[in-house]
Amino acid sequence: MNKSLLALALTLGLGSLAGVHAATPAPAINDAQIAHIAYTAGVIDVTAAKQALQKSHSADVRAFAEEMARDHAAVNDQALALAKKLGVTPADNATSQSLAKGAAAEQKKLAALSGAAYDKAYADNEVAFHKAVLTALDGTLIPSTQNAELKSLLETGSKLFHSHEMHAEHLAQSLK
Amino acid sequence: MLRTMILLVAVLAFAGGFMPAVAADTAATAPGRRVHVILVDKMAYGPMPTGVRAGDIIEWANHDILEHSATARDGRFDVDLKPGASAHITATAGTLAFFCKFHPTMTGSVVVK
Ligand SMILES: [Cu+2]
């Protein structure tokens, strides 16, 4: 997971650099793709949260997972409503696919764990996941977004990821 | 005179009938008590009210798509704010420092005289 997330951050970083050097600074990535990536990131965290609610017996871990599921579902509902309003169909792309692939592998790893080992691995992964998505959101996705409403939603999303990351770090530390 | 009395009775009955439903808001608008609204949106508390006096009402109005809370650092209050919901407390003297228990990056503080 961490490796593929790093690859994601690097890919997006290089994408934005390429944009700067191009004669016409057209973004390397369009709003329909950005919406798809953000939506995919939300779905990944909701899926991970559902797994945590099935596996964990820790009250703290479960409360955290419930928050992740609730918050990311709310942002994704809003993203879908916005896409519909703007007549944009979120477009699948290499970044979304790499995110989904990495998450599926991580979920498989987590599925094999249980008890305290699972709780710890889930919390650590949540820290890494939120950090990686933040790098992409703040470094590439938000600066590349053309539509003001989508940009505003992604900015709220960024604040949310920052808060979740902080919460995940507290959780991971408490499980040490 | 009679007409005035009937009118008065009607007004009182009307007010009495409606009182329970709006009891909280009626209390808030009692003379001398002011209502200070803190807007919650886009993962942040809006500007903090100033000139708040003990006994005033502090209300949080959550316009965000996310659930938040206003939780006192010292445990004095803990109000849950579902999306679109409002909640209030009666201000007590001191500095009311609060945060969102779900989103620790959200903080605020109101000085109450
Ligand atoms: Cu919050």
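The values are calculated or read from the model by the stated rules, or taken from the named source; none is laboratory data. None of the values given here were measured: they were computed from a predicted structure. Every residue, glycine among them, receives a Cβ derived from its backbone with ideal geometry; neighbour counts consider all protein chains shown.
Could you list, in sequence order, all residues of the range B:50-67 that are more than 14 Å from B:Thr92 (Cα to Cα) and either within 14 Å of the chain's Cα centre (by Cα) or part of a strand (DSSP E or B) (or both)?
Of everything in the range B:50-67, those that are more than 14 Å from B:Thr92 (Cα to Cα) and either within 14 Å of the chain's Cα centre (by Cα) or part of a strand (DSSP E or B) (or both) turn out to be B:Trp60, B:Ala61, B:Asn62.
Residue check: is A:Lys159 free of Cβ contacts under 8 Å to residues at least 40 places away in the same chain, more than 14 Å from chain B (Cβ to nearest Cβ) and out of contact with any helix residue (DSSP H, G or I) (no Cβ under 9 Å at 6 or more places or on another chain)?
Here the answer is no, as A:Lys159 does not meet what is asked.
Which residue pairs have Cβ atoms under 8 Å apart, sit 6 or more places apart or on different chains, and have a first residue in the range B:78-105 that is over 18 Å from A:Arg70 (Cα atoms) and within 15 Å of the ligand (Cβ to nearest atom) and a second that is basic (Lys, Arg) and outside any strand (DSSP E or B)?
B:Asp78/B:Lys101; B:Phe98/B:Arg73; B:Phe99/B:Arg73
What's the number of the only condition in (1) buried (at least 22 other Cβ atoms within 10 Å of the Cβ); (2) closer than 22 Å to A:Ser174 by Cβ that A:Leu113 fails to meet?
Single failed check for A:Leu113: (1).
Would you mention how many residues in the range B:73-90 are in a strand (DSSP E or B) and acidic (Asp, Glu)?
The number of residues fulfilling the criteria is 2.
Pairs, please: C-beta under 8 Å, at least 6 apart or cross-chain, first residue more than 14 Å from every other protein chain (Cβ to nearest Cβ) and in the range B:48-66, second among the aromatic types (Phe, Trp, Tyr)?
B:Trp60/B:Tyr45
Out of all the residues in the range B:73-90, which are within 14 Å of chain A (Cβ to nearest Cβ), of a type in the set (D, E, K, R) and surrounded by fewer than 14 Cβ atoms within 10 Å (Cβ to Cβ)?
Across the range B:73-90, the qualifying residue is only B:Lys82.
Would you check if B:Ala70 is in a strand (DSSP E or B), away from every other protein chain (no Cβ under 14 Å), within 16 Å of the ligand (Cβ to nearest atom) and crowded, with 18+ Cβ neighbours inside 10 Å?
Yes.
If the requirement is being more than 14 Å from chain B (Cβ to nearest Cβ), in contact with a Leu (Cβ under 9 Å, 6 or more places away or on another chain), within 20 Å of A:Ala168 (Cβ to Cβ) and not basic (Lys, Arg), which of these qualifies: A:Val75, A:Val88, A:Val133?
After ruling out the rest, the residue left standing is A:Val133.
Considering only the range A:146-155, I want to know if a residue exists there that is closer than 16 Å to B:Met106 by Cβ and modelled with pLDDT of 95 or more.
yes
Starting from residues that are within 16 Å of the ligand (Cβ to nearest atom) and within 16 Å of B:Phe98 (Cβ to Cβ), keep the ones in the range B:44-63 and report whichever is surrounded by the fewest Cβ atoms within 10 Å (Cβ to Cβ).
Residue satisfying both the conditions and the ranking: B:Gly46.
For the range B:91-113, name all the residues that are within 11 Å of chain A (Cβ to nearest Cβ), assigned to a loop (DSSP other than H, G, I, E, B) and not hydroxyl-bearing (Ser, Thr, Tyr).
Matches in the range B:91-113: B:Cys100, B:Lys101, B:Phe102, B:His103, B:Pro104, B:Met106.
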